[in-house]
Amino acid sequence: MSEIHILFPTPVYQNIFNPLFPLESVIDFIKTLEFKQDYNVYDKPNGKTTDASLDVLSYPELKFIGDWINLEAYNFIQTLQVDCEFHTLVRTNSWVNLQEKGNYIHEHKHNNTQFSGVFYPKVPPDSGDICFTSSQDTWIDSNTEPKVTGFDDLNSRQKTFTPQQGMLLMFPAHLRHYVTASKSDDERLSISFDYNLH
């Protein structure tokens, strides 16, 4: 009997905040925050962001979301069999991204941290997908490009998620990712964050 063994995977954790709990208060509070212009790798304006050093998830108005994300972060590392009796997770920062029509987030990774994630309090339709990428295939050598009949999690260099309101994604901080350009006339709000294992 044949088997496929998935070796050396890169985990991406996904969950949805309780859809019965309205996020309007979160959105209203986020709109009171001070945003600064964000720039892409070519130093061109692209969206807005809050100061990452402020840890917006620790603000009283967002603490219930921060507490839920903390629990989900522990669920994520327990799935990876990290010993939570020995280790603790510490959120090092969190910030809000505001993307308007045409805005995107260039490909990047999060440096000097171990786990990263994003939570979506407001996601209009067609406001951009998050895409995770790998610079090389892991299933075949880098000098060979065979013709394939399709792509899936076994043979693709990219995995795309379409955000929805209340969605949470967590992943190793070294995993490269980007967000496609928004086609929506309404703004998309996302809260990004980083955790270190102590």
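The values are calculated or read from the model by the stated rules, or taken from the named source; none is laboratory data. The model shown is predicted, which means the values in this text are computed figures rather than measured ones. Neighbour counts are summed over all protein chains in view; Cβ atoms, including those assigned to glycine, are modelled from backbone coordinates with ideal geometry. We work out accessible area using only protein heavy atoms, side chains counted, and drop any ligands, DNA or RNA first. Shrake-Rupley method; radii C 1.70, N 1.55, O 1.52, S 1.80 Å.
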Flagged in segment 4-30 as among the polar types (S, T, N, Q) and outside any loop (DSSP other than H, G, I, E, B), in numbering order, are Q14, N15, S25
message: Criterion first (of a type outside the set (F, W, Y), open to solvent by 50 Å² or more (accessible area, probe 1.4 Å) and free of Cβ contacts under 8 Å to residues at least 60 places away in the same chain) does N75 satisfy it?
response: no
Selection over segment 1-31 where residues are open to solvent by 50 Å² or more (accessible area, probe 1.4 Å) and more than 22 Å from Q81 (Cβ to Cβ) yields a count of 12
For this session: Might you check whether a residue that is touching a Cys at 6+ places or on another chain (Cβ under 8 Å), free of Cβ contacts under 8 Å to residues at least 24 places away in the same chain and under 27 Å from D153 (Cβ atoms) occurs anywhere in segment 7-26?
Result: no
Restricted to segment 104-140 and to residues being open to solvent by less than 80 Å² (accessible area, probe 1.4 Å), charged (D, E, K, R) and assigned to a loop (DSSP other than H, G, I, E, B), the residue modelled with the highest pLDDT is D129
N70 vs. criteria surrounded by 13 or more Cβ atoms within 10 Å (Cβ to Cβ) and either touching a helix residue (DSSP H, G or I) at 6+ places or on another chain (Cβ under 8 Å) or closer than 27 Å to S156 by Cβ (or both)
no
How many residues of segment 50-67 are open to solvent by 70 Å² or more (accessible area, probe 1.4 Å), within 22 Å of E187 (Cβ to Cβ) and in a loop (DSSP other than H, G, I, E, B)? The answer is 1
Please verify whether D185 is modelled with pLDDT of 95 or more and open to solvent by 10 Å² or more (accessible area, probe 1.4 Å), treating the condition exactly as stated.
yes
Restricting segment 85-103 to residues that are under 22 Å from H174 (Cβ atoms) and not in a strand (DSSP E or B), the one least open to solvent (accessible area, probe 1.4 Å) turns out to be H87
- [ ] Answer yes or no: is there a residue in segment 102-115 that is under 30 Å from I4 (Cα atoms), among the charged types (D, E, K, R) and out of contact with any strand residue (DSSP E or B) (no Cβ under 6 Å at 6 or more places or on another chain).
- [x] no
| said: Going residue by residue through segment 153-173, is there one that turns out to be open to solvent by less than 10 Å² (accessible area, probe 1.4 Å), within 15 Å of E107 (Cα to Cα) and part of a loop (DSSP other than H, G, I, E, B)? | reply: yes
Checked segment 32-49 for anything surrounded by 13 or more Cβ atoms within 10 Å (Cβ to Cβ), assigned to a loop (DSSP other than H, G, I, E, B) and modelled with pLDDT under 95; matches are N40
